[in-house]
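Reviewing the structure listed below.
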Amino acid sequence: MRSLGSTDAGTARRDFNLGEPLCDGNTLMWDRPVPRRVRSRDAVAVHGGMALVVVFWGLAFVAIKVALGHMTWITLTLLRFAVAAMPFAVYLAWARPSPRLEKKDVPILVLLGFLGFTGYHLFLNLGETDPRTTAGTSALVIASVPAFIAILAVVLLKERVTWLRGTGIGLAFAGLAVMLLLAAPGSEFRVSLTVGAAWILPSSVFAALFAVLGKPYLRKYGPFQLMAYTLLFGLLLTLPLVAYDGAATWRDLTSLDLDALVPVLFLGLFPTFIAYGLYFRALQKMDASAVGSYVYLSTLVAVVAGIYLLAEPLTVPAILGGLMVVGGVYLAQRAQ
């Protein structure tokens, strides 16, 4: 084994398709072969985690619509963050991950808290309050996230987006367009150009910046540790808006019933606490543009959920578009 300081780290052999050099203390394990079963197990864990992420995020589109029938978009954002903050706080107190939060990192983590939580969810929830904004409209706007991530990753992270990954991202987006633009009339997944759709667009940019700017900090902090800090900052940034709309928020809180609590608890625990941690775990191991392509599958899950939960019709465009989405994401992952 040779010291990292005496050798160009850029020549390090990389582990399977996860993009991380193998390390042992302060040295790189240059010469020791990596058992295939170890590499395969790590890859399966990462991609399996992302499968859970796309299921939870896909169902979130439906859960948000249900929750907004019982409360304002500000109350929903507050409650979702508050629910997620509890297990994150327990994690920090119980696991005591190291290194501890450093003061010099606070400004960027506050920014990440706004981008990934406060800004993203406020604009998404605000857009969905427009009754003319269908779940399909929201999904198609959010589907621009992988393209934004790919562009920002090239500029800020110096990633190389191969023609295969670019083709996969384009094919998956085209598949979503087929599914949503050709949805049946009256479907919750049809696309409509509304003011609400324009409000959702900033969420796509925020989500892309959140992933790309947050990825370098995964070299210092663990995925769930980083998400705990950013979520807690995001919750604090939400409080001034809650105070501004205090009367409506108080009215919502005092009238909560089981029908309102179920979607809120689901959104806080699964698409937020679990999914964000797994998402950043994948970002720790893979290129940002490869991880971002999974967003397309979450929209596919949303459409499938609509078929079963909202009695949406199963159409030929939905089947064809779904196959294009799966094929596109597969190509994007093959490029990894």
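How do the peptides 96-103, 172-179 rank, highest first, by the average count of neighbouring beta carbon atoms within 10 Å per residue?
Numbers: 96-103: 10.6, 172-179: 22.4.
Going from most to least packed, we get 172-179, 96-103.
When only Cα pairs under 8 Å and 6 or more residues apart are kept, what is the percent relative contact order across segment 51-334? Spell out each step's value before the answer.
Values: 442 pairs, mean separation 114.9, N = 284.
It comes to 40 percent, rounded to a whole number.
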Rounded to one decimal in nm, the spacing of the 7 Å Cα→Cβ label points at Tyr244 and Trp163 is 4.9 nm
Under 30 Å between C-alpha atoms, the lysine pairs in segment 51-334 lying 8 or more places apart or on different chains count 13
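Tally Lys and Arg at +1 and Asp and Glu at -1 over the other residues with C-beta under 11 Å from the C-beta of Pro223: what net charge comes out? Numbers along the way, then the final one.
On the way: positive: Lys215, Arg281, Lys285; negative: none.
Spelling it out: positives minus negatives among the neighbours equals +3.
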Shape category assigned to segment 51-334 from the gyration tensor of Cα positions, a/c cut at 1.5
oblate
Val316 and Arg41 label points (each 7 Å along its Cα→Cβ direction) are spaced in nm at 4.9 nm
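Arrange the peptides 208-221, 279-292, 258-271, 235-248 so that the one whose residues have, on average, the most other Cβ atoms within 10 Å appears first. List each step's numbers first, then the result.
On the way: 208-221: 19.8, 279-292: 24.9, 258-271: 17.9, 235-248: 14.1.
So the peptides 208-221, 279-292, 258-271, 235-248, ranked by packing, come out 279-292, 208-221, 258-271, 235-248.
No value in this document is a laboratory result; all are computed from the given coordinates. The shown structure was predicted, so the numbers you read here are calculated from the model rather than taken from an experiment. When we count neighbours, we look across all protein chains shown, and the Cβ atoms used for this are built from the backbone with ideal geometry, even at glycine.
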